[in-house]
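Here you go, one structure.
The values are calculated or read from the model by the stated rules, or taken from the named source; none is laboratory data. Keep in mind that what you see is a predicted model, and the values were worked out from it rather than measured. Here the Cβ positions follow ideal geometry from the backbone for every residue, glycine too, while neighbour counts run over all protein chains shown. The protein model used for the area step is the full one, side chains on, heavy atoms only, and it has no ligands, DNA or RNA in it. Shrake-Rupley method; radii C 1.70, N 1.55, O 1.52, S 1.80 Å.
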Amino acid sequence: MTEKTFFMIKPDGVERRLIGEIIHLIERRGFTIERLELRMATEDILRQHYSHLVDKPFFGDILGYMLSGPVLIGVISGPKVVKSWRIMMGATNPVDAVPGSIRGDFAMGPVDGNIKNVVHGSDSKEAAQREIALWFGQSNN
Ligand code: CDP
Ligand code: MG
């Protein structure tokens, strides 16, 4: 069964001109791009998107990072795309991300304790639905 996930190239990835390489990996894997948009995030949307982290002491750093420049947001579809895109991204902390994964190959962090890890992907089908609705509107699920 084909499923959808929400993904993002974070401000460090956009600034470092990694959009093309990352989109190439998505296409090479055989996933279909359903939506794609470059835009600035907002504090309001990030508080909802990262609702599981708003109470952490480092949430201010996350806001500063995620608002430091435009993000590329998108929806991709394909078989098991939620899990598959998470595997392609690699572990949250670039130090733990295996070579060959996007974070393992491209991420620089942690810099000053702030994890800059280039990409985001929904961690479950439920999160994917929620995040697609949050960023693109309810009718896009
Ligand atoms: O992005 P992922 O789903 O792998 O991890 P998360 O636990 O949902 O955290 C979301 C994002 O918050 C991470 O990708 C990091 O950018 C940031 N974060 C951080 O800066 N420091 C942490 N200790 C945990 C998360
Ligand atoms: Mg997450």
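Which one of these is surrounded by fewer than 20 Cβ atoms within 10 Å (Cβ to Cβ) and within 16 Å of ligand 2 (Cβ to nearest atom): 23, 9, 45?
Sole residue among the options that is surrounded by fewer than 20 Cβ atoms within 10 Å (Cβ to Cβ) and within 16 Å of ligand 2 (Cβ to nearest atom): 45.
Shifting gears a bit: Which count do you get for residues in segment 71-111 that are within 11 Å of ligand 1 (Cβ to nearest atom), in a loop (DSSP other than H, G, I, E, B) and either open to solvent by 80 Å² or more (accessible area, probe 1.4 Å) or of a type in the set (Ser, Thr, Tyr) (or both)?
2
Would you please name the residue that is surrounded by the most Cβ atoms within 10 Å (Cβ to Cβ), looking only at residues in segment 112-125 that are more than 14 Å from the chain's Cα centre (by Cα) and closer than 19 Å to residue 46 by Cβ?
114
Further question on the same structure: Any residue in segment 50-66 that is of a type in the set (Val, Ile, Thr) and either more than 12 Å from ligand 1 (Cβ to nearest atom) or within 17 Å of residue 133 (Cβ to Cβ) (or both)?
No, that holds for no residue.
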